[in-house]
Amino acid sequence: MSSTGLGQLCRTRPTSSSPGPSASSPHPVDPKAAAPELTIIAGGGVDRDALLKIGRETNIREFHVGRAARGGFRVEGDVQSALVSDLVKTLKEI
């Protein structure tokens, strides 16, 4: 996998609350079918374990990690550079 940085990890995209793939039961997703108009991004409770599972079982390579990058793993927490670094390292394991 090519080098992945904070920009790719934390890119801002419109999201919705509609159901989609989850780490426990990912649906087949082909990002190439939507390209170049759409980029499929995994989000909603994505933590290190989910990031690994989704990354290994799908072609999705962009993630919205939210709480996984914040202090205390809380929405209100500040983004923590150490947590972001750990998530970037996790991406490199895929």
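When each of R13, R67, R61 is tested for being in a loop (DSSP other than H, G, I, E, B) and at pLDDT 50 or above, the lone residue that passes is R61. Against the numbered list (1) surrounded by 14 or more Cβ atoms within 10 Å (Cβ to Cβ); (2) at pLDDT 55 or above; (3) aliphatic (A, V, I, L, M), A33 comes up short only at (1). In the stretch 74-94, of all residues being in a helix (DSSP H, G or I) and without any contact (Cβ under 8 Å) to a residue 24 or more places away in the chain, the one that is nearest to L51 (Cα to Cα) corresponds to K89. Considering the stretch 37-83, and only residues there that are aliphatic (A, V, I, L, M) and surrounded by fewer than 13 Cβ atoms within 10 Å (Cβ to Cβ), the residue that is nearest to I94 (Cα to Cα) turns out to be A82.
The values are calculated or read from the model by the stated rules, or taken from the named source; none is laboratory data. Nothing here was measured: the structure is a model prediction, and the numbers come from that model. Cβ atoms come from the backbone with ideal geometry, glycine included; neighbour counts cover every protein chain shown.
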